[in-house]
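Written out below as structure tokens is the structure these notes cover.
The values are calculated or read from the model by the stated rules, or taken from the named source; none is laboratory data. The structure presented is a predicted model; accordingly, all values stated were derived computationally and were not measured. No Cβ is skipped: glycine too gets one built from the backbone with ideal geometry, and neighbour counts run over all protein chains shown.
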Amino acid sequence: MWTEHDQALTRTFRFKDFKIAFCFMTDVAEEAEHQDHHPWWSNDYATVSFRLCTHSAGRVVTAKDHQLAAAIDQLAAAYKGVGNEELGMKNEELTVV
């Protein structure tokens with residue numbers, strides 16, 4: 001589940017291994033290009049964390065962020081990613097800022 005924290009939507013996913021996480025990130029990059037809306041993200045082996053906000057709107061959450069978040073969720077499900085809520089952790093515990 002995405003949460004709003006410090007004027008951004010945040011969420012972290014964990015995958016089986018680095019290769020799957022990287023494939024997921026590649027697909028997210030393609031979707032971000034398609035939507036012309038690019039996330040802040042970090043990757044640590046099989047963990048990928050996101051922070052979404054709209055820079056052109058003053059670094060706040062907009063409909064563009066919710067739209068990209070929904071697409072990221074679909075891709076994560078396709079790659080069998082486990083969200084932070086399923087790991088029993090808060091987004092801010094896993095997200096590197």
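With respect to residue 82, determine if the residue is touching a residue at least 40 places away in the same chain (Cβ under 8 Å), out of contact with any Cys (no Cβ under 6 Å at 6 or more places or on another chain) and under 13 Å from residue 1 (Cα atoms).
yes
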Seminar exercise, completed: residue 76: passes all of (1) at pLDDT below 95; (2) touching a strand residue (DSSP E or B) at 6+ places or on another chain (Cβ under 7 Å) but (1)
For this session: Filter the stretch 79-97 down to residues that are out of contact with any His (no Cβ under 8 Å at 6 or more places or on another chain) and part of a helix (DSSP H, G or I) and give me whichever is modelled with the highest pLDDT.
Result: 93
Seminar exercise, completed: Taking the stretch 14-30 and keeping residues under 12 Å from the mean Cα position of the chain (by Cα) and closer than 22 Å to residue 62 by Cβ leaves 28, 29
